[in-house]
Amino acid sequence: MIYPDSKSLLEVRGLRATVNGIEILKGIDLTVRSGEVHAIMGTNGSGKSTFAKVLAGHTAYEVTGGTVLFEGKNLFELAPEERARAGVFLAFQYPIEIPGVANNQFLRLTYNTVQTQRGKDELDPLEFDDFVREKMKMLEMSPDFLDRSVNAGFSGGEKKRNEILQMALLEPRLAILDETDSGLDIDALRIVANGVNQLATRDNATILVTHYQRLLNYIVPDYVHVMESGRIIKTGGKQLALELESHGYDWVSSEQRAAAGA
Amino acid sequence: MSVATASGYLESLLQGRAQLPISPLAWLNRLRAEAVERVGALRVPTTHDEDWRFTDISSLTKLPFQPVHAASPLQTAEAERFYLEPATIRLVFVDGMYAPQLSTQVPGAAGDSGIVVTHLSAAVSAHATTLESHLGRHAEFCNNAFTALNTAFLHDGALIIVPRDVAVDMPVHLLFIATQKEAASYPRCLLIAESGSAVTVIEDYVALQQGVYVTNAVTEIALADNAHVNHIRVQRDSGQAFHIADCAVSLARASRYQSTSIALGARISRYNLNVQLAGEGAECAVDGLALITERQLADTHTCIDHIKPHGSSRQLHKCIVDGAAHAVFNGKIMVRPGAQLTDSVQSSRNLLLSGRAHVDTKPQLEIFADDVKCAHGATVGQLDSEEVFYLKSRGLSEMTARNLLTYAFGAEIIERIPVSSLRHRLKQTVLEHTQRN
Ligand SMILES: Nc1ncnc2c1ncn2[C@@H]1O[C@H](COP(=O)(O)OP(=O)(O)OP(=O)(O)O)[C@@H](O)[C@H]1O
Ligand SMILES: [Mg+2]
């Protein structure tokens, strides 16, 4: 929701990034204030996941220009784990499988690490078990997933739910959900969307990367951005997603070209 | 190192035999004498020997290791920390010598079943015929200088006999404690699982303190029809020690052998495991984990020999190598012409944690039957950077992320140990190990 006096959470200015020497992000500008929900849409390969991973601090990407301020501080001065502790959370488009690390052990470790950082008390295994089961209920996830290795052998949709479970535990300031909806069945989409909505407060913000209008029926965006070739080429309200749905991306691109030509 | 001095070295080691008591069993004296003769004919292997290509043990020959003859007066308080909970049937050997004050008797309930867990020299009269048909019959010493040496010193050791159809619930813990520097010990174990029996045995090598010594161990395991043996071997010798061991296992029809061997200690260790699937439908699972650092070398040579039809073997060997350590794995799978319908899977997975760490892994398949299923593979890699990033993106530090992944890599093997207290202890060891770095 847009609040008139909200403070800025994320300020991206002219962000450029390369991978293996190839420029993928070519000058991104984006401002996210607390309380807001932003949707980023765009064609395959336009750089949405790259943008998300650059914000999370993935070392495969080199930032070659621009600035990003998170709560007024230079985000690039923080290591990935420091960003996570400061409240940046990325739900991966393709969550990583980690065989041999039990999900409950992993979840507790991350939860306690972040809690400690925020000056709060850790939970012991028993307390944590109660706590995490409560969160899993909200996502209608079976507790069986606690005993399995992190994401190992999880179905596509189960992995996505596990990402949102982590988000629910870590309570980030800024959540970036990279195609969390893809791979979810219709019921799961509703459940996960409800979960995300419940986590939304006046003090945090969400960036949804998605290809589908359907998700935006559940999680209503305040802004919709269209990304192409490493830039945000159009920004609008939730209406824009509907227009994209009926006209396709070509419509935005040609409009852009026309504008550029004019 | 010249061959002449090397063979002279082996003979110098034999001097310690002078104090060995003569056995009342004529065949045992003969066996020892044959072994002495073989020691005379063999030499310390060098890296020119194919089987020792990567493992240079010339540093061993710099010290005249001799067996200890006076039992160390080790007290319970010092040995206790190596005991396993809950109760086990425990035999303790200190510097190779049986320590009755630290060992336990087979408890009442298990005792009624007729299970024998004792030290060899106490068993010579009661079990002479059983001993004669097994002792020295499985672990071949003809071409193995170290096994020959061990046999030349054969006097005491652990003996386990599980009678027909008896399943022993309580694990047997064979604990070998090294206490003295420059000592040589020659541990010997014989496990006989009669038909339909089941037992879990933990062979555990530990050190009271850091020091240079040599453990030269030989274990023989015979499984009769339908027997089931779970054999766990933990080598946590002193980081300066030499550990050389040979284990020979023979499986009769439809028997099942599960082995988990963990190598953590020793400056140089070498473990030979030979498993013969000599009966139809025999089954084995052979897993291993070497976790080494600094300048350690851990060499594991296994041979799984399929002799009869319908056998199956599954092997997963893992090495976690840090510092300038060096791991060697040579896994031979032999499928003889008579072993049709063999099903065999072997996998060697290796994790290098530093730029100076090194691994040599070599699967070796020799298949002489046509209707078989054999799969094998080997990987050598570092920690997966995507996995590390994923963990960091959840707030874990680089070090915690790396430790967790390293631990997970090793835990897969440790998870297979059926004794929870040992599993727990080993996990702790792996965590401490990874946290050091
Ligand atoms: N490691 C890499 N090496 C080479 N090219 C890469 C690498 N990572 C990303 N790219 C390229 O960068 C471009 C943007 O990729 P990105 O994953 O950000 O797209 P996306 O907008 O998320 O697409 P999708 O909608 O398919 O998820 C693509 O052309 C991709 O091939
Ligand atoms: Mg993407």
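The values are calculated or read from the model by the stated rules, or taken from the named source; none is laboratory data. These numbers come from a predicted model, not from an experiment. Heads up, the Cβs are rebuilt from the backbone with ideal geometry, glycines too, and the neighbour counts pull from every protein chain shown.
Do you know which residues across the range A:28-48 are crowded, with 21+ Cβ neighbours inside 10 Å and within 12 Å of ligand 1 (Cβ to nearest atom)?
A:Ile28, A:Ile40, A:Met41, A:Gly42, A:Ser46, A:Gly47, A:Lys48
With A:Phe89, A:Phe70, A:Phe106, A:Phe76 as the choices, which residue is surrounded by fewer than 20 Cβ atoms within 10 Å (Cβ to Cβ), away from ligand 2 (no atom under 16 Å from the Cβ) and closer than 21 Å to B:Lys392 by Cα?
A:Phe76
Here are some conditions: (1) within 16 Å of ligand 1 (Cβ to nearest atom); (2) outside any helix (DSSP H, G or I); (3) touching a Pro at 6+ places or on another chain (Cβ under 6 Å). A:Asp181 meets all but one. Which one does it not meet?
That leaves (3) as the condition not met.
With respect to the numbered conditions (1) basic (Lys, Arg); (2) within 16 Å of A:Ile232 (Cβ to Cβ); (3) surrounded by 18 or more Cβ atoms within 10 Å (Cβ to Cβ), which one is the sole condition not fulfilled by A:Arg13?
Only one criterion is unmet by A:Arg13, namely (3).
When you scan the range B:97-179 for strands (runs of 3 or more DSSP E) that lie fully inside it, which ones turn up with 2 or more residues that are among the aliphatic types (A, V, I, L, M) and buried (at least 22 other Cβ atoms within 10 Å of the Cβ)?
Details: elements: B:116-119, B:158-162, B:172-178.
Per the criteria, B:158-162, B:172-178.
For B:Glu78, all conditions in the list (1) outside any loop (DSSP other than H, G, I, E, B); (2) of a type in the set (Asp, Glu); (3) exposed (fewer than 15 other Cβ atoms within 10 Å of the Cβ) hold save one; what is the number of the exception?
Status for B:Glu78: all satisfied but (3).
Scan the range B:400-419 residue by residue and report those that are without any contact (Cβ under 8 Å) to a residue 12 or more places away in the chain and part of a helix (DSSP H, G or I).
Pass one, the range B:400-419, residues without any contact (Cβ under 8 Å) to a residue 12 or more places away in the chain: B:400, B:408, B:415.
Answer for the range B:400-419, where residues must be without any contact (Cβ under 8 Å) to a residue 12 or more places away in the chain and part of a helix (DSSP H, G or I): B:Thr400, B:Ala408.
Looking only at the range A:177-199, how many residues end up being away from ligand 2 (no atom under 16 Å from the Cβ), among the polar types (S, T, N, Q) and under 15 Å from the mean Cα position of the chain (by Cα)? Steps first, please.
Start the filter on the range A:177-199 by keeping residues that are away from ligand 2 (no atom under 16 Å from the Cβ), which leaves A:185-199.
Those left that are additionally among the polar types (S, T, N, Q): A:194, A:197-198.
Within this subset, residues satisfying the condition of being under 15 Å from the mean Cα position of the chain (by Cα) are A:197.
Within the range A:177-199, residues that are away from ligand 2 (no atom under 16 Å from the Cβ), among the polar types (S, T, N, Q) and under 15 Å from the mean Cα position of the chain (by Cα) number 1.
Residues in the range B:54-74 that are touching a residue at least 24 places away in the same chain (Cβ under 8 Å) and over 20 Å from B:Val212 (Cβ atoms): how many?
2
Filter the range B:332-369 down to residues that are of a type in the set (A, V, I, L, M) and either surrounded by fewer than 16 Cβ atoms within 10 Å (Cβ to Cβ) or not in a strand (DSSP E or B) (or both), then give me how many there are.
The first filter runs over the range B:332-369 and keeps only residues of a type in the set (A, V, I, L, M), leaving B:333-335, B:339, B:341, B:345, B:351-353, B:357, B:359, B:365, B:367, B:369.
Checking the rest, the ones that are also either surrounded by fewer than 16 Cβ atoms within 10 Å (Cβ to Cβ) or not in a strand (DSSP E or B) (or both) come to B:339, B:341, B:353, B:357, B:365, B:369.
Count: 6.
Do we have any residue at all in the range A:139-156 that's part of a helix (DSSP H, G or I), more than 16 Å from ligand 2 (Cβ to nearest atom) and surrounded by fewer than 17 Cβ atoms within 10 Å (Cβ to Cβ)? First the steps, then the outcome.
Filtering the range A:139-156 for residues part of a helix (DSSP H, G or I) gives A:144-147, A:156.
So of that shortlist, the ones also more than 16 Å from ligand 2 (Cβ to nearest atom) come out as A:144-147.
With the extra rule that they be surrounded by fewer than 17 Cβ atoms within 10 Å (Cβ to Cβ), the set shrinks to A:144, A:147.
Yes: one or more hits.
Scan A:Ile96, A:Ile2 and give me the residue that is surrounded by fewer than 19 Cβ atoms within 10 Å (Cβ to Cβ), within 13 Å of chain B (Cβ to nearest Cβ) and away from ligand 1 (no atom under 13 Å from the Cβ). Break it down stepwise before answering.
Values: A:Ile2 fails: within 13 Å of chain B (Cβ to nearest Cβ).
The unique qualifying residue is A:Ile96.
Within the range B:188-210, how many residues are assigned to a loop (DSSP other than H, G, I, E, B) and either at pLDDT below 95 or hydrophobic (A, V, I, L, M, F, W, C) (or both)?
Step one: list which residues in the range B:188-210 are assigned to a loop (DSSP other than H, G, I, E, B), which gives B:194-197, B:208-210.
Narrowing the set further to residues that are either at pLDDT below 95 or hydrophobic (A, V, I, L, M, F, W, C) (or both) leaves B:208-210.
Number of matching residues: 3.
Inside the range A:112-129, can you point out the residues that are within 14 Å of chain B (Cβ to nearest Cβ) and in contact (Cβ under 8 Å) with a residue 24 or more places away in the chain?
Listed by number, the residues that qualify are A:Thr113, A:Val114, A:Gln117, A:Arg118.
Go through A:Val132, A:Val101 for me and flag whichever is without any contact (Cβ under 8 Å) to a residue 60 or more places away in the chain, away from ligand 1 (no atom under 16 Å from the Cβ) and either at positive phi or within 13 Å of chain B (Cβ to nearest Cβ) (or both).
Working: A:Val132 fails: either at positive phi or within 13 Å of chain B (Cβ to nearest Cβ) (or both).
Sole residue among the options that is without any contact (Cβ under 8 Å) to a residue 60 or more places away in the chain, away from ligand 1 (no atom under 16 Å from the Cβ) and either at positive phi or within 13 Å of chain B (Cβ to nearest Cβ) (or both): A:Val101.
Please find, within the range A:30-50, the residue that is farthest from ligand 2 (Cβ to nearest atom) out of those that are within 15 Å of A:Arg231 (Cα to Cα) and out of contact with any strand residue (DSSP E or B) (no Cβ under 6 Å at 6 or more places or on another chain).
First, the residues of the range A:30-50 that are within 15 Å of A:Arg231 (Cα to Cα): A:30-31, A:39-50.
This time we only want the ones that are out of contact with any strand residue (DSSP E or B) (no Cβ under 6 Å at 6 or more places or on another chain), so: A:43-45.
Values: A:Thr43: 10, A:Asn44: 8, A:Gly45: 8 Å.
Here the residue is A:Thr43.
Would you mind stating whether B:Ser420 is within 22 Å of B:Asn230 (Cα to Cα), surrounded by fewer than 14 Cβ atoms within 10 Å (Cβ to Cβ), more than 12 Å from chain A (Cβ to nearest Cβ) and under 23 Å from the mean Cα position of the chain (by Cα)?
Numbers: within 22 Å of B:Asn230 (Cα to Cα): yes; surrounded by fewer than 14 Cβ atoms within 10 Å (Cβ to Cβ): yes; more than 12 Å from chain A (Cβ to nearest Cβ): yes; under 23 Å from the mean Cα position of the chain (by Cα): yes.
So B:Ser420 passes the test.
Here are A:His211, A:His225: which of them is within 24 Å of A:Arg16 (Cα to Cα) and either assigned to a helix (DSSP H, G or I) or modelled with pLDDT of 95 or more (or both)?
Numbers: A:His211 fails: either assigned to a helix (DSSP H, G or I) or modelled with pLDDT of 95 or more (or both).
Being within 24 Å of A:Arg16 (Cα to Cα) and either assigned to a helix (DSSP H, G or I) or modelled with pLDDT of 95 or more (or both) holds for just one of A:His211, A:His225, which is A:His225.
Against the conditions (1) within 13 Å of ligand 1 (Cβ to nearest atom); (2) touching a residue at least 40 places away in the same chain (Cβ under 8 Å); (3) closer than 30 Å to A:Pro4 by Cα, where does A:Pro172 fall short? Just the number, please.
So A:Pro172 meets the others, but not (1).
Could you check the range A:200-222 and list, in sequence order, the residues that are surrounded by fewer than 18 Cβ atoms within 10 Å (Cβ to Cβ) and away from ligand 2 (no atom under 16 Å from the Cβ)? Break it down stepwise before answering.
So the first thing to find is which residues in the range A:200-222 are surrounded by fewer than 18 Cβ atoms within 10 Å (Cβ to Cβ), and the list is A:200-203, A:211-214, A:217-218, A:220.
Hits for the range A:200-222 are A:Ala200, A:Thr201, A:Arg202, A:Asp203, A:Gln213, A:Arg214, A:Asn217, A:Tyr218, A:Val220.
State which residue is farthest from the chain's Cα centre (by Cα) when the search covers only the range A:59-93 and only residues that are within 16 Å of ligand 1 (Cβ to nearest atom) and closer than 27 Å to A:Phe145 by Cα.
It comes out as A:Gln93.
Which condition breaks for A:Ser149 when tested against (1) within 14 Å of chain B (Cβ to nearest Cβ); (2) within 23 Å of A:Glu245 (Cα to Cα)?
(2)
Give the residue that is nearest to A:Met167 (Cα to Cα), with candidates limited to residues of the range B:378-400 that are at the interface with chain A (Cβ under 8 Å from one of its Cβ atoms), surrounded by fewer than 24 Cβ atoms within 10 Å (Cβ to Cβ) and of a type in the set (Gly, Ala, Ser).
Top of the filtered list is B:Ser397.
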